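What follows draws every value from the coordinates through simple rules; no lab data is involved. The structure presented is a predicted model; accordingly, all values stated were derived computationally and were not measured. Reconstructed Cβ throughout: ideal geometry from the backbone, glycine too, with neighbour counts over all protein chains shown.
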Amino acid sequence: MTFGALLAIAATRLHAERRTIAYAVVAAIVVAFVQPSGLAAPLFFCGLLGVAVAMTQGPGRHRHLDLCEESAPLFGRELARAKALAPCAVAALVCLAYWGAQSLAGFPASPLAFALALAAVVACTLVALSATIRSGPARLLYLALACATSAIAFALAFYLHSPIAEVLFCCVVSLVALRQYGEALARYDPV
Amino acid sequence: MLLRLREARFLARGAPVGPVNLALADGERAARVYGEAREASIVALMAAGIVKANAGSVLIDEYDPRVQPVHCKRVVAFVPHDPLPLDLAGFENYIRYRAALWGIDRAGAWAHARLLLERLEGVHEAFAYPLAGALISSPKLLVLDRPQPAYAERILAAAGARAVFSTHTAEGAAQRFGARPRTALLGVVPT
């Protein structure tokens, strides 16, 4: 897969969801002004926004884009990477918006807190992506796993005071989730 | 043989589809009529290698889409039934997106697309853009899911000498995309 194809898929998906992205960023800024201190609020709220944005990548919402991507000569894992790039970019943007709003509200968070929140939100978003191509109990299970990812990441960072463990955990979960999503996309029938 | 479906069935989700039998050589045309839109759509998706048959076999240019999906998708171009949502992007952006997905030179793709769009004069943009986008990769086989019968002449002119397989829900529509045996292409009168 060329870098151009990766960027084209991500950019087209971001363009198609530009309104959702705007709402997510505004929501993050508003919540950051309401709850500007601490790690829990950015981690859980931005994680929730990440799950919502991931769910918008599901089949049916942009049927023409789905069919274009599925008819293109790309392997499932390549398509998964490209499709995951858009919600991950939104997750990063939302975290950045929250972090910026915290500073404006007079409770500037450290860059470490931003990195911890970002790692957890990206992992949570990638787990939620697998829910988009499943239905029924399997979809609920993946959504529950996404929430559990945020909770475990928070526990590692806040209760165990181990930022390295949190980042490592999030990296492992992200890689496994992305691989799982790629495998599922390769077998997926868009009917 | 460019496309061969032998007892191909789709059994997942909803009423079973098939068995479908079809053999299409280079330059030939085939139009099939189905009772329901869902059935016509699934058969077109199977012929394009996007949906995998649960039973029987589908071979596209002697490649099996279950084993070599990327090879199959380099041979086939698929045009969905639904019109392209025009808020998606302008024609140039759309062609750039398709060219990136297929790894085609952008300038060449744009020139080719302009030429195709001229041949599709009179066809509504929402139907002309996906067809031009599908043909820029110069596929050997064009698969059309319930194409608009009113544009049959223009669509077939744009497709040129390549093989065309279309699915329909009305006999009249299928006749307009009618069969063209290879012998006719070679100037031999079939006996």
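Every residue, every condition in (1) within 19 Å of residue A:118 (Cα to Cα); (2) touching a helix residue (DSSP H, G or I) at 6+ places or on another chain (Cβ under 8 Å); (3) more than 14 Å from chain B (Cβ to nearest Cβ); (4) not hydroxyl-bearing (Ser, Thr, Tyr), yes or no:
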site: A:6; (1), (2), (3), (4): no, yes, no, yes
site: A:17; (1), (2), (3), (4): no, yes, no, yes
site: A:32; (1), (2), (3), (4): yes, yes, yes, yes
site: A:37; (1), (2), (3), (4): yes, yes, yes, no
site: A:43; (1), (2), (3), (4): yes, yes, yes, yes
site: A:49; (1), (2), (3), (4): yes, yes, yes, yes
site: A:53; (1), (2), (3), (4): yes, yes, yes, yes
site: A:58; (1), (2), (3), (4): no, yes, yes, yes
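If a residue must be out of contact with any helix residue (DSSP H, G or I) (no Cβ under 6 Å at 6 or more places or on another chain), over 12 Å from residue B:4 (Cα atoms), buried (at least 24 other Cβ atoms within 10 Å of the Cβ) and among the small types (Gly, Ala, Ser), how many such residues does the range B:42-80 contain?
1
Could you grab me the full set of residues in the range A:115-151 that are over 13 Å from the mean Cα position of the chain (by Cα), buried (at least 18 other Cβ atoms within 10 Å of the Cβ) and over 25 Å from residue B:12 (Cβ atoms)?
Of everything in the range A:115-151, just one residue is over 13 Å from the mean Cα position of the chain (by Cα), buried (at least 18 other Cβ atoms within 10 Å of the Cβ) and over 25 Å from residue B:12 (Cβ atoms), namely A:116.
Just checking, does the range A:60-73 include any residue being surrounded by fewer than 17 Cβ atoms within 10 Å (Cβ to Cβ), closer than 17 Å to residue A:87 by Cα, over 17 Å from the mean Cα position of the chain (by Cα) and within 14 Å of chain B (Cβ to nearest Cβ)?
Start the filter on the range A:60-73 by keeping residues that are surrounded by fewer than 17 Cβ atoms within 10 Å (Cβ to Cβ), which leaves A:60-61, A:63.
Then drop every residue that is not closer than 17 Å to residue A:87 by Cα, which leaves A:60-61.
Restricting the remaining residues to those that are over 17 Å from the mean Cα position of the chain (by Cα) gives A:60-61.
Those left that are additionally within 14 Å of chain B (Cβ to nearest Cβ): A:60-61.
The answer is yes, given that some residue of the range A:60-73 is surrounded by fewer than 17 Cβ atoms within 10 Å (Cβ to Cβ), closer than 17 Å to residue A:87 by Cα, over 17 Å from the mean Cα position of the chain (by Cα) and within 14 Å of chain B (Cβ to nearest Cβ).
Which of (1) more than 10 Å from every other protein chain (Cβ to nearest Cβ); (2) without any contact (Cβ under 8 Å) to a residue 24 or more places away in the chain is the odd one out, the single condition residue B:142 does not satisfy?
(2)
Going by the conditions given, is residue B:84 within 12 Å of chain A (Cβ to nearest Cβ), in a loop (DSSP other than H, G, I, E, B) and surrounded by 19 or more Cβ atoms within 10 Å (Cβ to Cβ)?
Considered against the rule, which asks whether it is within 12 Å of chain A (Cβ to nearest Cβ), in a loop (DSSP other than H, G, I, E, B) and surrounded by 19 or more Cβ atoms within 10 Å (Cβ to Cβ), residue B:84 comes out as yes.
Mind listing whichever residues of the range B:102-126 are buried (at least 20 other Cβ atoms within 10 Å of the Cβ), within 12 Å of chain A (Cβ to nearest Cβ) and within 17 Å of the chain's Cα centre (by Cα)?
B:102
Filtering the range A:154-191 down to residues that are within 14 Å of chain B (Cβ to nearest Cβ) and not in a helix (DSSP H, G or I), which residue is nearest to residue A:66 (Cα to Cα)?
A:190
Could you give me the residue pairs with C-beta distances under 8 Å whose first residue belongs to the range B:126-139 and is under 16 Å from residue B:90 (Cβ atoms), whose second residue is among the basic types (Lys, Arg) wherever it lies, and which are 6+ apart or on separate chains?
Close Cβ pairs satisfying both conditions: B:133/B:98; B:136/B:98.
Could you say whether any residue in the range A:82-98 is under 26 Å from residue B:139 (Cβ atoms) and small (Gly, Ala, Ser)?
yes
Of the numbered conditions (1) buried (at least 20 other Cβ atoms within 10 Å of the Cβ); (2) within 12 Å of chain A (Cβ to nearest Cβ); (3) out of contact with any helix residue (DSSP H, G or I) (no Cβ under 6 Å at 6 or more places or on another chain), residue B:24 satisfies every one except a single condition; which is it?
Going through the list (1) buried (at least 20 other Cβ atoms within 10 Å of the Cβ); (2) within 12 Å of chain A (Cβ to nearest Cβ); (3) out of contact with any helix residue (DSSP H, G or I) (no Cβ under 6 Å at 6 or more places or on another chain), residue B:24 breaks only (2).
Take residue B:49 and tell me if it is facing chain A (nearest Cβ under 9 Å), over 20 Å from residue A:71 (Cβ atoms) and not in a helix (DSSP H, G or I).
no
For residue B:63, only one of the following conditions fails: (1) out of contact with any Cys (no Cβ under 8 Å at 6 or more places or on another chain); (2) under 24 Å from residue B:17 (Cβ atoms). What is its number?
(1)
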